[in-house]
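A short worksheet on the structure shown next.
The values are calculated or read from the model by the stated rules, or taken from the named source; none is laboratory data. Remember, predicted model here, so these are calculated numbers, not experimental data. Positions of Cβ are backbone-derived with ideal geometry, glycine not excepted, and every protein chain shown enters the neighbour counts. To get the accessible areas, we keep the full protein, side chains included, count just its heavy atoms, and leave off ligands, DNA and RNA. Shrake-Rupley method; radii C 1.70, N 1.55, O 1.52, S 1.80 Å.
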Amino acid sequence: MSLWYDEGFSVYLAGMELDEIAARTAADIQPPLYYYLLHGWIQLFGDSEWALRALSVLFGLFTIPLIYAVARMLFRSRLAGLLAALLIAISPLHVWYGQEARMYTLLTFLCLLSSYFLLLAVRARKRWAIPILWVAYAVTNVAALYTHYFAFFALAFQVVYILALLAVQRFRPLHLL
C-alpha cells in the first residue's frame, strides 16, 4: 500500500471499535465523524487502498453538483453554478484531497451542504419548511464540526451572513433577499 502517514493513521483509527475511536479522537486533534464513517466503509468495502480512498472520492464527487446548487442559488445564475462546478471539478486541491483517505472532502461537502440549507432556510416561503430547513442546517453544521474543527470558520461566516441579512431586514423584508 502507498498510503502516507496521515492516511495510515486514519485507517488505524477506523480499524478500532466505535467507542475506542471516540476515546482516541478525544485526545487527538480531529473529531471522530470521519473515522466512524471510514470504519463502516471498511466493513462494507474492505481495506484495499482503492476502497479506503473511495470514500473521499465519493464526497468529492458529491461536492460538484452541490456547489453548482449553492452558486446558482447564491448568484441566481445557472452560469455561475456551472462555473463553480467546473472550477471545483478541475481544482488541483480538490482532486488531490479527493484521493486521500482523510476527512477533507467530507468537510467540504458538509460545509457546502450547511450553506445550502442556510440559503434555503432564509429564502423559504412555506412556513412548514422553515423549521425543517433550520434543523437540517444545524444538524449539518454539527456533522461538519464533528468532522474537522475548521468547520468553525464556515460556521462563523454563516453567522456573519445571517447577521448581515438581519441588518438588511430593517430596510426591506427578508423574503426579498
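Here is a list of conditions, (1) open to solvent by 30 Å² or more (accessible area, probe 1.4 Å); (2) under 17 Å from Phe62 (Cα atoms), and Arg125 meets all of them except one; can you say which number that is?
(2)
Select from region 1-29 the residues that are among the hydroxyl-bearing types (Ser, Thr, Tyr) and out of contact with any helix residue (DSSP H, G or I) (no Cβ under 7 Å at 6 or more places or on another chain) and write down the one among them that is farthest from Gly98 (Cα to Cα).
Ranking the qualifying residues of region 1-29, first place goes to Tyr12.
Using the structure shown, decide if Ala138 is at pLDDT 95 or above, of a type in the set (Gly, Ala, Ser), within 11 Å of the chain's Cα centre (by Cα) and surrounded by 13 or more Cβ atoms within 10 Å (Cβ to Cβ).
So Ala138 fails the test.
Taking the stated definitions as given, is Ser10 out of contact with any strand residue (DSSP E or B) (no Cβ under 9 Å at 6 or more places or on another chain), of a type in the set (Ser, Thr, Tyr), modelled with pLDDT under 95 and assigned to a helix (DSSP H, G or I)?
It is true that Ser10 is out of contact with any strand residue (DSSP E or B) (no Cβ under 9 Å at 6 or more places or on another chain), of a type in the set (Ser, Thr, Tyr), modelled with pLDDT under 95 and assigned to a helix (DSSP H, G or I).
Output yes when any residue across region 136-149 is under 28 Å from Trp50 (Cα atoms), in contact with a Leu (Cβ under 8 Å, 6 or more places away or on another chain), outside any helix (DSSP H, G or I) and not polar (S, T, N, Q), and no when none is.
Among the residues of region 136-149, at least one is under 28 Å from Trp50 (Cα atoms), in contact with a Leu (Cβ under 8 Å, 6 or more places away or on another chain), outside any helix (DSSP H, G or I) and not polar (S, T, N, Q), which makes the answer yes.
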